[in-house]
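Report on the following structure.
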Amino acid sequence: MTQILPTMASLLALALSLVNLYLQRRDRRPRLKIRVRYEYRVGDPTLEVDSEDKTSPRIHYDSQEGLYLRLGDFLREYELDYPRGTPLVRFSLSNEGERAIYLASIRLTLWAGKNLSRERLALDPVEDRILSSELAGATSNLIHSDGIDGRIVELVPGDSAGYKLELVRLANTLKREGYSGNTRLTLEATDRIGNAYRSRFEVNTDLWAYPQE
């Protein structure tokens, strides 16, 4: 016992020091959190107002199915006719670490094929197309399509950035490319030193896709 107790104490001290070292390194690493929610926002198409106008009626939900189910009651409450508003999927990217993050790319990706034939694709919401991630051009990068100078988004600790995409447009693109039902996509943000941050979400073509003239 006289030999075991000192050995156990030494091992415990070593374990605690390793845990503290891990926590210190983790706190210094870039930490980007991505939140996804589905929203329906009503705006008067005859008026030029800020899309972030807080006075416009809106409804949001964590799932697209929940949003769709609540949409009828919401429209009746405000005496509105669908599609007066726009169903959206919104992304909030927040820096929850202690270091600034410089985002260089934000893309929507998905997988096609099975097993060895699986291929990683990118969805271009500007050109309404799906192509291989290697061939994805500047328009598939949401930062580029935002027209931001320098093509870099700087997020200081505690800062955040938001992006929104129309569910109908995404669903129509997926359906035209041969996808049906609930399709899983990934919002992938990459910083300028190569760190990738991902969050999965879904777009249901049965709920949102409809022919457009």
What is the Å³ per residue value for the convex hull set by the Cα atoms of region 30-208?
139 Å³
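For region 99-143, give the magnitude of the charge dipole about the Cα centre (Cβ charges: +1 Lys/Arg, -1 Asp/Glu; no others), in debye to the nearest 20.
Details: 6 positive and 5 negative charges, 56 e Å.
Magnitude of the dipole: close to 260 debye.
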Pairwise label distance in nanometres, W111 with R58, each label 7 Å out on the Cα-Cβ vector:
3.3 nm
Full-stretch length increase - E154, D128 - with 0.36 nm per residue and alpha-carbon distance subtracted
6.6 nm
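Given a Förster radius of 41 Å and the C-beta distance between R76 and S10 as r, what FRET efficiency does 1/(1 + (r/R0)^6) yield to the nearest 0.05? List each step's numbers first, then the result.
On the way: r = 70 Å, r/R0 = 1.70.
Step by step, r from the Cβ atoms, then E = 0.05.
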Using θ = phi - 60° and the Karplus curve 6.51 cos²θ - 1.76 cosθ + 1.60, what whole-Hz ³J(HN,Hα) does each residue of region 63-72 get, with Gly and Pro shown as x?
10, 5, 5, x, 4, 5, 5, 8, 5, x
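Can you give the local net charge around K114? Use residues other than it whose beta-carbon is closer than 15 angstrom to its beta-carbon, Lys and Arg +1, Asp and Glu -1.
Result for the neighbourhood of K114: +2.
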Rank these for me by crowding, Y163, Y61, going from fewest to most other beta carbons within 10 Å.
Y61, Y163
Loop-only trypsin sites (Lys or Arg not before Pro) in region 69-173, please: DSSP not H, G, I, E or B, and at most 11 other Cβ atoms within 10 Å.
K114, R118
What residues of region 175-205 lie in the reach of a label at R120, counting those whose backbone N is under 17 Å from a point 7 Å from the Cα along Cα→Cβ?
184-201
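Read the figures in this text as sums done on the coordinates, not as results from a lab. Bear in mind that the values here come from a model prediction, so they are computed numbers and not experimental data. Methodologically, a virtual Cβ is constructed for each residue, glycine included, from the backbone with ideal geometry; neighbour enumeration extends over all protein chains shown.
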